[in-house]
Amino acid sequence: MFTQKLKAQLQETIREVKDYPRSGILFRDITPLINHPVLFSRLIDTLKLRYQHHSIDFVVGIEARGFILGAALAYALGVGFVPIRKKGKLPFKTISAQYQLEYGSDSVEMHTDAFREIKDAHVLLIDDLIATGGTALASLELLARLQAKCLEACFLINLQELGGLDKMAEKVNTFSVLEYPC
Ligand code: AMP
């Protein structure tokens, strides 16, 4: 369980970087959390306790920091890990879903055989942070197209004023560890 004490420790460890990657963005940098010998494992162990009885077949992580959390959690749960990558990064047959950016659009992709031979795979979707929700909603579309059932979408950080988690919650169970103002 994420106690108030643990949440405060996690929050204190996440660094805020102003104007990165461009002016006006307050970037939430989790590198001081994932290089912490105690807090990173506390985070993963606590997520494991939340999901260990959910009958999850795969943890699906969104590029790039979702890979770090997702792969560690998949290992802890003893299940496989599946990456959702930005356009053009996966080598085999892919499906793709577009989402809007402030200017233009981007897309995310998955391998068509990501869930091996498992039909209606039960998956947990994970990323470090949800802001507008564009990336996570497109990821959810990919999961649906591969007939996977998303049991929950999990985020370490929710930038709640941007409303992405609320949009996700209309479609799927959601969980966020830390709530942040923008
Ligand atoms: P969005 O699609 O708007 O929900 O953006 C979520 C994705 O962008 C996640 O993969 C995050 O890692 C990244 N991201 C967006 N805003 C921030 C931020 N302020 N700090 C760190 N990462 C961010």
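The values are calculated or read from the model by the stated rules, or taken from the named source; none is laboratory data. In this text, all values refer to a predicted model and were calculated from it rather than measured experimentally. Cβ placement follows ideal geometry from the backbone for every residue including glycine, while neighbour counts extend to all protein chains displayed. Keep in mind that these areas ignore ligands, DNA and RNA; they rest on the heavy atoms of the full protein, side chains included. Shrake-Rupley method; radii C 1.70, N 1.55, O 1.52, S 1.80 Å.
The residues of region 75-109 that are under 23 Å from residue 54 (Cβ atoms) and in contact (Cβ under 8 Å) with a residue 40 or more places away in the chain, listed by number, are 82, 84. Please find, within region 31-45, the residue that is nearest to the ligand (Cβ to nearest atom) out of those that are within 14 Å of residue 70 (Cα to Cα) and crowded, with 16+ Cβ neighbours inside 10 Å. By that ranking, first place goes to 34. Of all residues assigned to region 54-72, none qualifies as being within 16 Å of the ligand (Cβ to nearest atom), modelled with pLDDT of 95 or more, open to solvent by less than 60 Å² (accessible area, probe 1.4 Å) and more than 27 Å from residue 11 (Cβ to Cβ). Restricted to region 73-83, and to residues that are more than 23 Å from residue 97 (Cβ to Cβ) and not aliphatic (A, V, I, L, M), which residue is nearest to the ligand (Cβ to nearest atom)? Selected residue: 75.
Residue count for region 13-28 satisfying the condition of being within 8 Å of the ligand (Cβ to nearest atom) and surrounded by 16 or more Cβ atoms within 10 Å (Cβ to Cβ): 1. Considering the conditions (1) within 16 Å of the ligand (Cβ to nearest atom); (2) surrounded by fewer than 12 Cβ atoms within 10 Å (Cβ to Cβ), residue 97 is excluded by exactly one of them, (2). Here residue 92 meets each of (1) more than 14 Å from the ligand (Cβ to nearest atom); (2) of a type in the set (Phe, Trp, Tyr); (3) not in a loop (DSSP other than H, G, I, E, B) with one exception, condition (3).
Among the residues of region 30-37, are any modelled with pLDDT of 95 or more, closer than 25 Å to residue 137 by Cβ and not acidic (Asp, Glu)? Outline the logic, then answer.
Here is the first cut: in region 30-37, the residues modelled with pLDDT of 95 or more are 30-36.
Adding the requirement that they be closer than 25 Å to residue 137 by Cβ leaves 30.
With the extra rule that they be not acidic (Asp, Glu), the set shrinks to 30.
Within region 30-37, one or more residues are modelled with pLDDT of 95 or more, closer than 25 Å to residue 137 by Cβ and not acidic (Asp, Glu).
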